[in-house]
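Novice: First the structure, which I've put down as C-alpha cells, then a few questions once you've had a look.
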Amino acid sequence: MKRYSAFAIAKQAMSHHLGWERAWRSPEPKKKYDVVIVGAGGHGLATAYYLGKNFGIKNVAIIEKGWLGGGNTGRNTTIIRSNYLQDPSAAIYEKARSLYETLSQDLNYNIMFSPRGVIMLAQTQAEIRGYQRTAHANALQGVPTEWIGPRRVKELCPIMNIDGPRYPVLGGLWQARGGTARHDAVAWGYARACSDMGMDIIQQCEVKGVRSEGGTVRAVETTKGVIECDKLGIVVAGHSSVLADMAGFKLPIESVALQALVSEPIKPAMDVVVMANTVHGYLSQSDKGEMVIGGGTDGYNNYTQRGSFHHVEETVRALVETFPMLSRLKMLRQWGGIVDMTGDRSAIISKTPLGNCFVNCGWGTGGFKAIPGSGWAMAELVAKGEPGPLAEAFTMDRFRRGQFIDESVAAGVAH
Amino acid sequence: MLTVTCPYCGINADESELSPGGEAHLKRFGPGSTDADFEQYLFGRQNPRGVHFERWRHAYGCGKWFHAARCTVTLEVFGTYAAQTYEPPQDIKDAITAKRPDWVWEALS
Ligand SMILES: Cc1cc2nc3c(=O)[nH]c(=O)nc-3n(C[C@H](O)[C@H](O)[C@H](O)COP(=O)(O)OP(=O)(O)OC[C@H]3O[C@@H](n4cnc5c(N)ncnc54)[C@H](O)[C@@H]3O)c2cc1C
Ligand SMILES: [Zn+2]
C-alpha cells in the first residue's frame, strides 16, 4: 500500500493524479478463511482490523451484502462522546473515543476527527439531577466531563435561545473532548488497512444461511457460494435478528428506523455538538456548512431504511424553540437507517449458543462513537474465544441474569 | 405515512393518531416459570424481516388496543383484528398467504 502524505499529493499532482492506487481490492471469495465477519459496517471492519493488528489473524473475509459503510455507519450524525453513566459503557466508549484521537495516524487515512466538544442540554429539573449524577460518575471513571450552567452554555453556543418558554436551558453536561468524525472515512480507512493486511472485503455478497454441525459453524451460504470458516463473527446491526435466525438462536433485539436530516449549507454558525434529549433532537454543523439534525426512533419494527415523516416534523419543531435560526433554513436531504435496539439500550458483544460464532450488535442509535472500542473488544473475543475486560459485561445472557447495563434512562435518546 | 384501520371504530387512522405497542401474541410467563422462559417473554423477540404481528392502541381516537398484521419490508398492512385473541383469525391468515404464499403461521413462544 502506498502511504498517503503531503509528499504523495505533490508527487501525484505532477502526473495529474492518475497514479493513485485503489484503496482496497475487490477479490472473489476463497473457499475457506480462519475468520469470516458478516457485515462491512464500521464495527465489522474494525473487528477485522484489530484481529489483524492485535492478534496477527489475517486470513479473514468481511462479507457485505451492499457496499461497505452503506449501512448505519454511512447514515449517522457522527456524534462521538463517552459520558455514559454505567461503568461498562464508560469504559468501552472512552476506549473508542481515545482510539479515535489517533485513528487518522494509525490508519494513515484522514477520518477528520474533530474534538469540538459535546453539550447535553438539561431542560428539566430531572435532567439537571441526571447529568450532575453522570458528571460525578464520569469523574470516578476517569472520563473528563463537567456540569455547566446556562450562561456557559450560551457562551459555547451563541445561536442558542436559552430562555425558551417551554424548555428553557437550565445547564448542561459538557464533554470538551467529544466531537464528530467523517463517518464514511472511518469505514474506508479501516477497509483500506484491512485490505492492506491481505484480508478480503467481499461486497455485493449476501449471507443467506449459516451451516453448522453439532453446535459448531462450518460455513456460510452466500450469493457468491459457500464460504467455509473456523470462526464466524456476526456484525450486522439492524439485520442481527435475521442472521441469528439463520444460525438458529434468538436475540433480544428489535429493528426500528432512525432518521436524520441536513439543511442547506451556511456559514459557520456553531462549533460544538448539542444534544437536547428532552425534545429528542441533536444538532451540529458539518464541515460543508450543513446543519446536521437527528431525532428519535419510530416506535414500530421496520426494515425499510425509511422512517415516519411526522418524526422529522416533531424533531425540527422541538429544535426551533432552542435554535430559532433553524426556522429560516431549507432542509436539503433526509434519510433513515435501521437500528438494533436491545431491552436495556446497551450493546451485545457475546458468545452464542454456537461455540465458534460470536455476535456484536445492539448499538442501536449510538454505535458510531463506539466503533474502534467495539472492534477492539470483539477482536479479542473472536481471537481468544472469551471476552476481555471491555466486553465481559456485554454478554447476551445478562438479560437472563437480570444484570442490565441500563443506559436507557441515563442516556435518553442515546447517540 | 403509515395508516392502519382501527377494527373497533373503523377509522383509517394515521400513525400519528396511534401508539405502537410492540410484538403481539407473546406468551406471558411470571412467578414460577424458568429464567429462560421469563427472559424470552420479557426480551426475546421475533423481529422478523417480513410478516409481523403487533399491538397498537388507537390512542388519539377511541382509545382501544388492537392487533395488526404488517410487513416490515414493504410496510403493507394485511389487516387488523381484535386484541382479545391468542392468534390471528383465519381471515387475516388467509389475507397474508394470498400475498405471501410461503408464509406459515408459527405459534410464538
Ligand atoms: C440516522 C442515524 C443517526 C445516528 N447517529 C449517531 C450518532 O450521532 N452517533 C453515534 O455514535 N451513532 C449514531 N447512530 C448509530 C450508528 O450509526 C450505528 O450504531 C453504527 O453505525 C452501527 O455500525 P455497524 O457496523 O454495527 O452497522 P452497519 O453500518 O449498519 O453495518 C452492518 C452491515 O451489515 C450488512 N449486512 C446486513 N445483513 C447482511 C447479510 N445477510 N449479508 C451480508 N451483509 C449484511 C449491511 O448491509 C451493513 O452494511 C446513528 C444511526 C442512524 C441510523
Ligand atoms: Zn378506534
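The values are calculated or read from the model by the stated rules, or taken from the named source; none is laboratory data. Since this is a predicted model, take the numbers as computed values, not measurements. Here Cβ is always computed from backbone atoms with ideal geometry, including for glycine, and neighbour counts include all displayed protein chains.
Novice: For segment A:319-364, which fully contained strands (runs of 3 or more DSSP E) count at least 3 residues that are of a type outside the set (Phe, Trp, Tyr) and closer than 23 Å to A:Gly66 by Cβ?
Specialist: It comes to A:331-342, A:357-361.
Novice: Do we have B:Asn12 as within 13 Å of ligand 2 (Cβ to nearest atom) and either in contact with a helix residue (DSSP H, G or I) (Cβ under 7 Å, 6 or more places away or on another chain) or away from chain A (no Cβ under 11 Å) (or both) here?
Specialist: Yes; evaluated as a whole, the condition is true for this residue.
Novice: Looking at A:Gly233, is it surrounded by 20 or more Cβ atoms within 10 Å (Cβ to Cβ), modelled with pLDDT of 95 or more and not in a helix (DSSP H, G or I)?
Specialist: Against the criterion (surrounded by 20 or more Cβ atoms within 10 Å (Cβ to Cβ), modelled with pLDDT of 95 or more and not in a helix (DSSP H, G or I)), A:Gly233 qualifies.
Novice: Out of A:Ala176, A:Ala187, A:Ala193, which single residue is within 11 Å of ligand 1 (Cβ to nearest atom) and not polar (S, T, N, Q)?
Specialist: A:Ala187 is the lone residue from the list that is within 11 Å of ligand 1 (Cβ to nearest atom) and not polar (S, T, N, Q).
Novice: Further, regarding this structure: What about B:Ala98, is it modelled with pLDDT under 95 and not aromatic (Phe, Trp, Tyr)?
Specialist: no
Novice: Hey, another quick one. Are any of the residues in segment A:296-312 away from ligand 2 (no atom under 16 Å from the Cβ), in contact (Cβ under 8 Å) with a residue 12 or more places away in the chain and out of contact with any strand residue (DSSP E or B) (no Cβ under 9 Å at 6 or more places or on another chain)?
Specialist: No, the conditions are met nowhere in segment A:296-312.
Novice: Would you please list the contacts, defined by Cβ atoms under 7 Å and residues six or more apart or on different chains, that run from a residue in segment B:59-71 that is over 9 Å from B:Ala82 (Cα atoms) to a residue that is within 16 Å of ligand 1 (Cβ to nearest atom) and not in a strand (DSSP E or B)?
Specialist: B:Cys71/B:Gly50
Novice: Quick check, is A:Ser327 surrounded by fewer than 19 Cβ atoms within 10 Å (Cβ to Cβ), polar (S, T, N, Q) and outside the structural domain of A:Ser240 (by TED's automatic domain parsing)?
Specialist: Considered against the rule, which asks whether it is surrounded by fewer than 19 Cβ atoms within 10 Å (Cβ to Cβ), polar (S, T, N, Q) and outside the structural domain of A:Ser240 (by TED's automatic domain parsing), A:Ser327 comes out as yes.
Novice: Quick check: anything in segment B:47-70 in contact with a Gly (Cβ under 9 Å, 6 or more places away or on another chain) and assigned to a loop (DSSP other than H, G, I, E, B)?
Specialist: Among the residues of segment B:47-70, not one is in contact with a Gly (Cβ under 9 Å, 6 or more places away or on another chain) and assigned to a loop (DSSP other than H, G, I, E, B), which makes the answer no.
Novice: Kindly indicate which of A:Gly307, A:Gly289 is small (Gly, Ala, Ser) and within 14 Å of chain B (Cβ to nearest Cβ).
Specialist: Checking each option against the conditions leaves just A:Gly307.
Novice: From the residues in segment A:31-63 that are near ligand 1 (Cβ under 7 Å from one of its atoms) and under 19 Å from A:Gly364 (Cα atoms), which one is farthest from the other protein chains (Cβ to nearest Cβ)?
Specialist: The qualifying residue farthest from the other protein chains (Cβ to nearest Cβ) is A:Gly42.
Novice: In segment B:76-109, which residue that is of a type in the set (A, V, I, L, M) and loosely packed, with under 14 Cβ neighbours inside 10 Å is farthest from A:Gly337 (Cα to Cα)?
Specialist: Result: B:Ala82.
Novice: What number of residues within segment B:15-32 are loosely packed, with under 15 Cβ neighbours inside 10 Å, touching a residue at least 12 places away in the same chain (Cβ under 8 Å) and more than 9 Å from chain A (Cβ to nearest Cβ)?
Specialist: The number of residues fulfilling the criteria is 2.
Novice: Can you tell me which residue is farthest from the chain's Cα centre (by Cα) among those in segment B:67-108 that are acidic (Asp, Glu) and away from chain A (no Cβ under 14 Å)?
Specialist: Top of the filtered list is B:Asp102.
Novice: To continue, here is another question. Return the residues of segment B:37-95 that are more than 16 Å from ligand 1 (Cβ to nearest atom) and of a type in the set (Ser, Thr, Tyr); say none if nothing qualifies.
Specialist: Result: B:Tyr41, B:Tyr60, B:Thr74, B:Thr80, B:Tyr81, B:Thr85, B:Tyr86.
Novice: Next up: Residues in segment B:33-56: is at least one under 25 Å from A:Ile253 (Cβ atoms), within 8 Å of another protein chain (Cβ to nearest Cβ) and of a type in the set (Ser, Thr, Tyr)?
Specialist: no
Novice: When you look at A:Thr342, is it touching a strand residue (DSSP E or B) at 6+ places or on another chain (Cβ under 8 Å), within 15 Å of ligand 1 (Cβ to nearest atom) and hydroxyl-bearing (Ser, Thr, Tyr), yes or no?
Specialist: So A:Thr342 passes the test.
Residues checked against (1) modelled with pLDDT of 95 or more; (2) buried (at least 24 other Cβ atoms within 10 Å of the Cβ); (3) within 16 Å of the chain's Cα centre (by Cα):
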site: A:Val312; (1), (2), (3): no, no, no
site: A:Arg333; (1), (2), (3): no, no, no
site: A:Lys351; (1), (2), (3): yes, no, no
site: A:Arg398; (1), (2), (3): yes, no, no
site: A:Ala414; (1), (2), (3): no, no, yes
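Novice: Which residues, taken from segment A:290-303, are at pLDDT below 95 and either part of a loop (DSSP other than H, G, I, E, B) or of a type in the set (Val, Ile, Thr) (or both)?
Specialist: The answer is A:Thr297, and nothing else.
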